[in-house]
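So the structure is just underneath, and the comments pick up after that.
The values are calculated or read from the model by the stated rules, or taken from the named source; none is laboratory data. As the structure is a computational prediction, the values presented were derived from the model and not from experiment. Cβ: placed from backbone, ideal geometry, glycine included. Neighbour counts: every protein chain shown. Side chains are part of the model used for accessible areas, which takes the heavy atoms of the whole protein and leaves out ligands, DNA and RNA. Shrake-Rupley method; radii C 1.70, N 1.55, O 1.52, S 1.80 Å.
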Amino acid sequence: RATSCDPSWSQPSEANHPYGDDDVLIEAEVNGNWTPQEKALHEARLKAKAKRRLRKSSSRNSTSESFSESGDLAGGDPHSPKGKVTTNDRKSRTGKGRGLPKKGGAGGKGVWGAAGMVYEDEEPDARDPNYDESGDTVYATVVPEVDERELEKMVNPIVQEYFEHGDTKEVQMLLKGLNLGPHKYEFSSLAVSLSLEGKASHRELTSRLLSDLSGKVLSQSDMARAFDKMLKELPDLILDTPEAPQMLGQFIARAIADHVLPMSFLDCYKGKVDCEHARVALDRAAVLLTMKREMVRLDNVWGVGGGLRPVKHLVKEMNLLLKEYLTSGDVSEAEHCLRDLEVPHFHHELVYEVVVMVLESKGDTASHMMIKLLQSFWKTGLITVDQMNRGFQRVYDELPEINLDVPHAHSIMETFVDLCYQESVITKQLRDACPSRGRKRFVSEGDGGVIKN
């Protein structure tokens, strides 16, 4: 056994020490033989070992703990649960890297790149299915053409809504959004057909619509084609609307006056029409154009609709209606004329005029005829309870003034109100509200109470 005195034995070197450099340093520390270089090396190795442990723990637990240069733990929550993985965390979980976001936050699914990154234009790829050899790709919205069978289903709601709001610009916008193709002229014929079944105000709105659409959505040739189709369909139209030929003639005259149809439209049909109804329509249009040749527009061909009429004009029309009824006694004609006025909110004026005519009339004939008329309007619902009450109440309020022109107005009024109540035209409350005769006047004061006859 070799001893320290044996020259063959030597102390093992630091490089060949079986426990490595750390054990040598520890042994040197125990013996108190550390040099400054060895002490610094030992501290550096401790720091490196601590950093390796930190990386492993952060990759397992997906935490944001880090060590400062001195090896102390900083920036972490000691109470955070271990092993919890955040779904939106973009840090590497493979145990590699420094625990920072991948690619500086510019990588991964759904990421467009780092902030401030500018991409250069890429060359088009010939293998791309959207590749265009010309180099300029244009994307446009294609609206499929409306089928002829579906045209009526799409146009009818547009026209019916227009009859409610009367805004031609909205109709123009809706038509531009539809691809009517070669069938766009049928819009005019469908609109005219619907208006023939409606009111006079609807026909007036249709004439305005055709005038506003002319030159913007529909041309004169489209309008002429539409009216030519209407003339050929007149035998079918009169089944639902017997007055269709006269109305269509008025439409044609109004369209020519509004420059919707060419002035030579009527000349194209002279001597070439075999249908009797078409000849009636063309003759009606020719007569109207001859009568109104001095006017630029046939604005009054349909009249002024409903509440657009002046009040004086409505009062005049109702007076004329009642006078014609007293002459003819035709209740149905009077009802038809009242409906054509299209002013249900103004029917109280008719009731007022009826009562005033009864007060100013002589004899009982007018009274009985007016009661018959009011009774008919009441049963058909043409005059409502509110309109009836307002009409009579207006007469009640003005009875003192009417009495100046009609001395016996109070007695006539009481008799007429009682008859109306017996025929169930007015209510009991309205009958009781009728004013009684005014105070009786004496001949003079102190004449012994003699009442003036």
Return a yes/no flag: does the range 353-363 have any residue that is loosely packed, with under 14 Cβ neighbours inside 10 Å, without any contact (Cβ under 8 Å) to a residue 40 or more places away in the chain and farther than 20 Å from Q387 by Cα. yes
Any residue at all in the range 259-280 that is in contact with a strand residue (DSSP E or B) (Cβ under 8 Å, 6 or more places away or on another chain), farther than 30 Å from S361 by Cα and modelled with pLDDT of 85 or more? yes
Yes/no for K229 being in the same structural domain as D258 (by the TED database), outside any helix (DSSP H, G or I), open to solvent by 20 Å² or more (accessible area, probe 1.4 Å) and in contact (Cβ under 8 Å) with a residue 12 or more places away in the chain: no
How about the range 296-344: which of its residues are modelled with pLDDT under 85 and over 22 Å from R390 (Cα atoms)? V296, R297, L298, D299, N300, V301, W302, G303, V304, G305
